Amino acid sequence: MDLPDINVWLALIDKRHVHHAVASHYWADASVQSRAFCRVTANGFLRLSTQAKALSNPLSPHEAWIIYRQFLSLPIIHWLPEPSGVDNLYCALTCTPGFVHRLWTDAYLAAFAMASKCRLVSFDSDFQRFDRLNFLHLTPTVP
């Protein structure tokens, strides 16, 4: 199961997003049988989809909820509760020497994905820092 990062969900819904084509290609990949939201990705999607800095045409809170619930109604989309053991993994990732403070949320998502045995999918290359993380780094294709 894949756990898309917030940036993937946002790129999917905004046709003018710089990464929309890559996100759409990922979405169409038939080899990916299921994708999931967790509380952090759901909250991030709802929060950022209503901001002009994140989308070319920001949504109202009501519209954001509608789109989020439409995603959840798809049979390939799952809701994942916080897995057992996530705190220990989260602690281990954030207590390593050289941990960068701006990566707290990334570390949590990495720990969540590891504890859930999911592949994390993101445009953010910072996830490559986390050893043992099953990570798909989506990158724009070069013409």
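Once backbone amide H atoms are built at 1.01 Å from N, Val121 has Leu3, Asp5, Leu136 as its partners under 5 Å, excluding neighbours fewer than 5 places away on the same chain. For trypsin sites (Lys or Arg not before Pro), the sites in the range 20-95 that DSSP calls loop and that have at most 15 other Cβ atoms within 10 Å are Lys53.
I'd like the orientation of helix 104-116 relative to the chain: the angle between its Cα long axis and the longest Cα principal axis, in ° from 0 to 90, rounded to 10. For helix 104-116, the angle is close to 80 degrees. Helix 61-73 and the longest principal axis of the Cα set of the chain meet at an angle near 70°. Shown here for the range 92-143: trypsin sites (Lys or Arg not before Pro) in loop regions (DSSP other than H, G, I, E, B) with at most 16 other Cβ atoms within 10 Å, namely Lys117, Arg132. Taking the Cα centre of the chain as reference, the dipole from Cβ charges on Lys and Arg (+1) and Asp and Glu (-1) amounts to some 160 debye. For the chain, taking the reciprocal of the average inverse distance between every pair of different Cα atoms yields a Kirkwood hydrodynamic radius of 15.6 Å.
Relative to the longest principal axis of the Cα atoms of the chain, the long axis of helix 39-48 makes an angle of roughly 40 degrees. Farthest towards the positive end of the charge dipole of the chain, among the residues Ser122, Ala30, Ser49, is the Cα of Ser49, using unit charges on the Cβ of Lys, Arg, Asp and Glu. Relative contact order for the chain: 27 percent, from Cα pairs under 8 Å spaced at least 6 residues apart, divided by residue count. The label point for Thr96 and the one for Ala21, both projected 7 Å from the Cα toward the Cβ, are 3.4 nm apart.
Bear in mind that the values in this text are calculations on the coordinates, not laboratory data. Computed from a predicted structure; not experimentally measured. Please note: Cβ atoms are built from the backbone with ideal geometry, for glycine as well, and neighbour counts cover all protein chains shown.
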